[in-house]
Amino acid sequence: MSRSTSHADDRNRASVSPPILDPSAPEIGIHGEIQTPALHALGKKLDQRWPALEKAQAQARDRIRQISQILQDDKLIPSDAGFVIFGSLARGECTSGSDVDWTLLIDGQADPAHRRVAQQVDQTLVRAKLKQPSPGGVFGNLAFSHSIIHDIGGQNDTNQNITQRILLLLESRSLSSDDVRRRVIGGVLNRYLEEDISLLTRTDVKRWIPLFLLNDVARFWRTMAVDYASKRQERAGQGWAIRNVKLRMSRKLIFVSGMLACFNCYLCPAQEAGDGAPSIAPNYGVRLIAQLRSYTNRTPLDIVAQALDQYAKKETAAQLFAAYDGFLALLDDEDTRRHLEHLQPEAAVKDRIFQHTRDVSHAFQGALDTFFFDDHPELSKLVRRYGVF
Amino acid sequence: MLTLGISTGALAHGDFRKALHMMEASRADAVELSALRETEFPSLLRSLQELDLSRYRYVSLHAPSRYESLAEVHLADQLERLVPGDMPIVVHPTPIRNWPVWARFGSRLCVENMDKRNPMGRTAEELDRIFTRLPEATLCLDLGHARQIDPTMTETDLILRKFGNRVKQIHISEVDASCTHRPLTWAWSLAFHKVAALIPNVPIILETPLSPDCPSINGLLDIVEDMWSGQSLGALAV
């Protein structure tokens, strides 16, 4: 062996490091892993623990790891698709009865095989004994980026389309590579801001509320509320009580987090880009997109926790999270859940368990009222100006 | 004034001599000598000293994007010894394992942002991690790759704001869903104009293939010059 070769070998051995994308490297972690730093910080500040929430987060992490491993082992997801989860699992609020709301999000050439992939994913999850979403609904099948990005408002923006779009923004995680989800979210956010002429034409904008997005979030919340009433009739009261408490709590939370993300663009605008940027007038629209994009990688609870930390009185924050923790405890109790799933509306008034859920939801709503209207003058101005009309 | 040229790989896959010959009659004043495939690399390296590249204001070399049989250190050694001292060396970050070996190239090393086939080096955040390990390296901003990663061009904007002062050269092409370089289209020019104001005045290397609609190198250069000077977007309706 020549001296130069052995020297090269020595350098090679001494200096080789794993690739930057080594899954064992700290930057990467598990696909879709949930982290809630603001929530943890708030808990410390309030000196409060929320045991049901902690348990729900731990259950979500375990289930996410399980599903991610299955997807990796079976190499199920094509490169132009993402396996995206929604619902309680994506929010990190997994309770005993939580199912796996998932979608195969496609952003690429149409391929007849995509349907087969979705079916294979479904069968794989069933074999793993993971509770599947209701058949015929929004989840458990394919979703295409084209309609999500292009059909915002207008005739083609169906109930399913708006649901997929808003939930993609407010409560989604990719358990395969995040490329597709990130790209579609980028396209959606770009659409919302491109329609805002003021952002495009004004150079003096320092902070802005993305109204198109805010209106769509509000529309989605109202859609959920109306659908709840519609389902009560369609299903003759079956599962009504569970849907009722979820509407009052987790669905409302999604709306609140979306609204706060929009308001925060005004209250806490994104700073200018970092070092090395050429000295050109800043494109506020791009910074706004980057700021909104960061919210799409956080859970609703974490977004709300951060906002409460910044704008709410301690007692408001404590009340809100105690109520939400109570809600998760209810859902995690199998007997309670089963009871609520079978409770008919007519029996609800005198039902002790249902009345307890109402008390929890009233405490939650009371905290929201105080937070949005009383605790912080700037926030209440925004709610009055943009939250009503 | 633009410094504008072509990648030899875009003109003639694996045959840099043929590509250089094709360019002789053009007004291109920049060239990227492409050895993306391992098999092309030895021949290009051997020929470097004898090639007459004096007509070009800017010359760079694109190192292999994968090196299975070439050891990484061996490849770096050869580049260091045989590539003229001032010639930028464009590399893909994906195959890099031995970061210190590449860090010693300093600002000669020109890291290219990647397309969707690659798991890294695609976004501002991912490039940031790379430049932490290669602090003096420059950036070959591939606009086709960046647009493929994010068609809204938000990510390109972020890359330019963060690393604009590292940009050494620009790659231009349209990259389709199968990661193939295609002729530029009107939609591409729309995307380009979103970030044009942020792009520094550096050499531009086309990776766009010639096509029946645009069969000449000068024709390609015309299109890019029109686009760069802010001409009507209809100029790209080829």
| query | Out of B:PRO100, B:VAL90, B:ALA71, whose Cα points farthest toward the positive end of the dipole of the stretch B:40-166 (charges: +1 Lys, Arg; -1 Asp, Glu; placed on Cβ)? | reply | B:PRO100
| said: Need the full-extension length gain, A:ARG352 to A:ASN215, defined as separation in residues times 0.36 nm minus the C-alpha distance. One decimal, nm. | reply: 45.6 nm
| query | Distance in nm between label sites at A:VAL205 and B:ARG37, each 7 Å beyond Cα in the beta-carbon direction? | reply | 4.8
| task | Just flag the trypsin sites (Lys or Arg not before Pro) in the stretch A:36-118 sitting in loop per DSSP whose Cβ has no more than 14 other Cβ atoms within 10 Å. | result | A:ARG49, A:LYS75
| note | In deg cm²/dmol, rounded to the nearest 500, the helical mean residue ellipticity at 222 nm of chain B, built from -39500 (n - 2.57) for every DSSP H run of length 4 or more, is -9500 deg cm²/dmol
| request: Kindly state, to the nearest 0.05, the FRET efficiency for B:MET1 paired with A:SER177, given R0 = 25 Å and r defined as their beta-carbon distance. | output: 0.05
| said: Please compute, over every Cα-Cα pair in the stretch B:96-221, the percentage with a separation greater than 20 angstrom. | reply: 43
| query | Hey, can you rank A:306-316, A:100-110 by average C-beta count inside 10 Å, highest first? | reply | A:100-110, A:306-316
| request: Would you mind estimating how fast the stretch A:328-389 diffuses translationally, via Stokes-Einstein at 4 °C and 1.567 mPa s with the Kirkwood radius over Cα pairs, in µm²/s? | output: 93
| query | Which FRET efficiency, nearest 0.05, do B:GLU225 and A:ASP47 yield, Cβ-Cβ r, R0 56 Å? | reply | 0.30
| field | DSSP-defined beta bridges in the protein assembly as shown - what % are antiparallel, rounded to 5 | value | 25
| said: If the only charges are +1 at each Lys and Arg Cβ and -1 at each Asp and Glu Cβ, what is the size of the charge dipole of the stretch B:134-238 around the Cα centre, to the nearest 20 debye? | reply: 320
| field | At R0 = 35 Å, FRET efficiency that the Cβ-Cβ distance of A:SER79 and A:ASN159 yields, to 0.05 | value | 0.70
| said: What value in Å³ per residue do you get for the convex hull of the alpha-carbon atoms in the stretch A:166-263? | reply: 120
| message | How big is the dipole moment of chain B about its Cα centre under a simple scheme where the beta carbon of each Lys and Arg is +1, that of each Asp and Glu is -1, and everything else is neutral? Debye, nearest 20, please. | response | 400
| If Lys and Arg each add +1 and Asp and Glu each add -1, what is the summed charge of the other residues whose beta carbon sits under 12 Å from the beta carbon of A:SER257? | +2
| task | Starting from the exponent 0.38 and prefactor 2.2 Å, build the expected Rg for the stretch B:1-112 from its residue count and divide its actual Cα Rg by it. | result | 1.03
| note | In Å², rounded to a whole number, the accessible area per residue of the stretch B:133-238 with probe 1.4 Å is 36
| note | Hits for chain A under the membrane-span-like helix rule (DSSP H, Cα axial span at least 24 Å, Kyte-Doolittle mean at least -0.5) are A:211-234, A:314-332
| remark: GluC sites (Glu not before Pro) in the stretch B:49-137 lying in a DSSP loop, each with at most 15 other Cβ atoms within 10 Å of its Cβ, come to B:GLU50, B:GLU68, B:GLU136
| request: Return the average number of partner chain Cβ atoms within 10 angstrom of each residue Cβ along peptide B:121-132. | output: 2
| Which value, in Å³ per residue, describes the convex hull spanned by the Cα atoms of chain A? | 200
| task | Compute the Cα gyration tensor for the stretch A:280-342, then decide on rounded, prolate or oblate, letting a ≥ b ≥ c be the square roots of its eigenvalues: rounded whenever a/c is under 1.5, prolate when a/b is larger than b/c in the other cases, and oblate in all that remain. | result | oblate
| message | Can you compute the label reach from B:GLU136? Point 7 Å from Cα along the Cβ direction, backbone N cut-off under 11 Å, restricted to the stretch B:102-117. | response | B:103-109
| For B:156-169, mean number of other protein chain Cβ atoms within 10 Å | 4
| Quick one: length gained pulling A:GLU315 to A:LYS231 fully straight, 0.36 nm per residue minus the C-alpha distance? | 26.6 nm
| message | What's the magnitude of the charge dipole for chain A around its Cα centre, counting Lys and Arg as +1 and Asp and Glu as -1 at the beta-carbon? Answer in Debye, nearest 20. | response | 380
| request: Evaluate the distance, in nm, between pseudo-label points positioned 7 Å from the Cα of A:SER134 and of B:ARG97 along their respective Cα→Cβ axes. | output: 5.2
| request: Evaluate peptide B:145-155: per residue, the Cβ atoms of other protein chains within 10 Å of its Cβ; return the mean as an integer. | output: 5
| task | At most 14 other Cβ atoms within 10 Å and a DSSP loop assignment: could you name the trypsin sites (Lys or Arg not before Pro) in the stretch A:162-255 that fit? | result | A:ARG202, A:LYS206, A:ARG207, A:ARG235
| note | Once the dipole of the stretch A:127-209 is set up from charges on Cβ (+1 Lys and Arg, -1 Asp and Glu), the residue from the list A:HIS150, A:SER177, A:LEU130 lying farthest towards its positive end is A:LEU130
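The values are calculated or read from the model by the stated rules, or taken from the named source; none is laboratory data. Computed from a prediction, not measured in an experiment: that's the story for all the values here. Glycine gets a Cβ as well: all are built from the backbone with ideal geometry, and neighbour counts include every protein chain shown. Quick note on the areas: whole protein, heavy atoms, side chains included, nothing else; ligands and nucleic acids left out. Shrake-Rupley method; radii C 1.70, N 1.55, O 1.52, S 1.80 Å.
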